[in-house]
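The values are calculated or read from the model by the stated rules, or taken from the named source; none is laboratory data. What you see is a predicted model, and the numbers here were worked out from it, not measured in a lab. Positions of Cβ are generated from backbone atoms using ideal geometry, with glycine treated the same way; all protein chains shown enter the neighbour counts. Accessible surface is based on the protein model in full, side chains and every heavy atom, while ligands, DNA and RNA are left aside. Shrake-Rupley method; radii C 1.70, N 1.55, O 1.52, S 1.80 Å.
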Amino acid sequence: MKYLVSITLMAMLAGPAIAEQSTEHVEQSRAAVQQFFGQLKGELQAGMKAGGPVNAIEVCSDKAPAIARDVSKDKGLQIGRTSLKPRNPGNAPDQWEEAVLREFEQRKADGEHPKKMEKHAIVEQNGQQVFRYMKAIPTGELCLKCHGTQLDPAVSARLEKLYPEDRATGYSQGDLRGAFTISKNL
Ligand code: HEC
């Protein structure tokens, strides 16, 4: 909990200026997510069409981080993806992200649709104010080929080779696969 300062507390201390600033950051974050997701989905669909899911694995392992870097640079923030059960251990959540992912799971259990779930806050990290934002990623039908319960053996073999610590299988449609996550130094 050492870096965690809730948005409520910040708002109480800093007044409306922070709230206004946050709205701008939230809008920018939504745009960044849209850009990232749009590009990735396009690449993924094209990769699947061209060579099936085994081929498209490379799209996720190579293109996803590359698109994330481009969008981060373009928007002046850090964007990535995270999950409670990551495929790539490099996508494992930090403390704030883990708490939000658990909150998303709870909100889903309480009946909220994951499609529009998001959360933002201003936190202090190493003496630096950081705007943070997350948006839930539901599991769609397309995702099941690589994150579902019954994978094609060729897909499983390739995933095992690339991701020996893979935890990102066993999902059903509508499950929370993870979230987009954004940090921006203020
Ligand atoms: C062709 C296989 C494939 C398909 C289809 C696929 N993924 Fe993935 N997914 C991967 C791979 C490989 C990674 C690891 C990427 C990396 O190394 O950063 C990954 C990583 C992720 C991550 C980042 C967290 C983690 O587990 O490392 C999320 C979130 C995610 N996928 C969501 C989805 C969603 C949502 C869909 C459907 C729209 C989807 N994936 C479809 C292969 C796939």
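Table for the structure above
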read-out: Pick from the range 135-157, criterion among the aliphatic types (A, V, I, L, M) and touching a helix residue (DSSP H, G or I) at 6+ places or on another chain (Cβ under 6 Å), ranking: most open to solvent (accessible area, probe 1.4 Å); value: Ala154
read-out: From Arg87, Arg132, residue being in contact with a helix residue (DSSP H, G or I) (Cβ under 7 Å, 6 or more places away or on another chain), in contact (Cβ under 8 Å) with a residue 12 or more places away in the chain and crowded, with 19+ Cβ neighbours inside 10 Å; value: Arg132
read-out: Qualifying residues in the range 90-107 (those that are of a type in the set (S, T, N, Q) and more than 14 Å from the ligand (Cβ to nearest atom)) - the one surrounded by the most Cβ atoms within 10 Å (Cβ to Cβ); value: Gln95
read-out: Which numbered condition Arg81 misses (of (1) near the ligand (Cβ under 9 Å from one of its atoms); (2) in contact (Cβ under 8 Å) with a residue 24 or more places away in the chain; (3) open to solvent by less than 60 Å² (accessible area, probe 1.4 Å)); value: (3)
read-out: Unique match (being in contact with a Ser or Thr (Cβ under 8 Å, 6 or more places away or on another chain), modelled with pLDDT of 95 or more and either of a type in the set (D, E, K, R) or open to solvent by 60 Å² or more (accessible area, probe 1.4 Å) (or both)) among Asp175, Asp166, Asp110; value: Asp175
read-out: Criterion: within 20 Å of Pro65 (Cβ to Cβ) and in contact with an Asp or Glu (Cβ under 8 Å, 6 or more places away or on another chain) - qualifying residue of Arg167, Arg87; value: Arg87
read-out: Condition check for Gly170: touching a strand residue (DSSP E or B) at 6+ places or on another chain (Cβ under 7 Å) and touching a residue at least 12 places away in the same chain (Cβ under 8 Å); value: no
read-out: Selection from the range 53-71 of residues that are surrounded by fewer than 20 Cβ atoms within 10 Å (Cβ to Cβ) and touching a residue at least 40 places away in the same chain (Cβ under 8 Å); value: Val54, Ser61
read-out: Flag for Glu160 being exposed (fewer than 15 other Cβ atoms within 10 Å of the Cβ), at negative phi and more than 14 Å from the ligand (Cβ to nearest atom); value: no
read-out: Which numbered condition Ala32 misses (of (1) away from the ligand (no atom under 12 Å from the Cβ); (2) over 26 Å from Ala92 (Cβ atoms)); value: (2)
